[in-house]
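Please treat every number below as a calculation from the coordinates, not as lab data. Predicted model only: the values in this text are computed from it and were never measured. All Cβ positions, even for glycine, are placed from backbone atoms using ideal geometry, and neighbour counts span all protein chains on display.
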């Protein structure tokens, strides 16, 4: 009987511990977490003292006049380029051209708004394009590249209605980006340098490749690299 009671008390204590841990785990943080944008940590909105350039303002006003309604614009706090742009009215007139062609022409005609150079525009590669069945809106996505190298989170989407009119543009662009010289570190050297940065002694030994990636022995790490 005593062993049964002891087992029961032990089980009860264990369950209480589990419940306490669960309750602690789902408690809200004492302090709210800072805002963090999923797009690579890019801050939204212009920094204090930062304003659109004179060329941007002039191009925005010209487009606003053409649209005949106020533009709604948010900005990328890193580059100062528009992050989202739309209005209560379509941004362009109806067109029978293909969605990609309409989108490219709009970005080229209004390149001063984003600060694009012709080289930037030439580096926009079509990623995907599709039409929503429920509302007929077509979304055209471009990836920004420099020297055929994709820019991290350099994506812009242009959204059009069934009449070929642009409704909005959104995404993060990095005008004036330039490619850098090829990496001078080998994969082994890069892994050893990264390990050193976190205070781990690591001697990289190559085991093979997976696609374009080089695989390395784990050494004292938890898993292969």
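Calculate the spin-label point distance for residue 152 paired with residue 203, positioning each point 7 Å from the Cα along the beta-carbon direction, and give it in nanometres.
Here the answer is 3.1 nm between the modelled labels.
If each of residue 161 and residue 95 carries a label point 7 Å out from its Cα toward its Cβ, how far apart are those two points in nm?
In this crude label model, residue 161 to residue 95 measures out at 1.6 nm.
Gain in length, residue 189 to residue 109, computed as 0.36 nm per residue apart minus the alpha-carbon separation, to one decimal in nm?
24.2 nm
Given the Cα-Cα distance of residue 223 and residue 51 and 0.36 nm per residue of separation, how much length would full extension add, in nm?
57.2 nm
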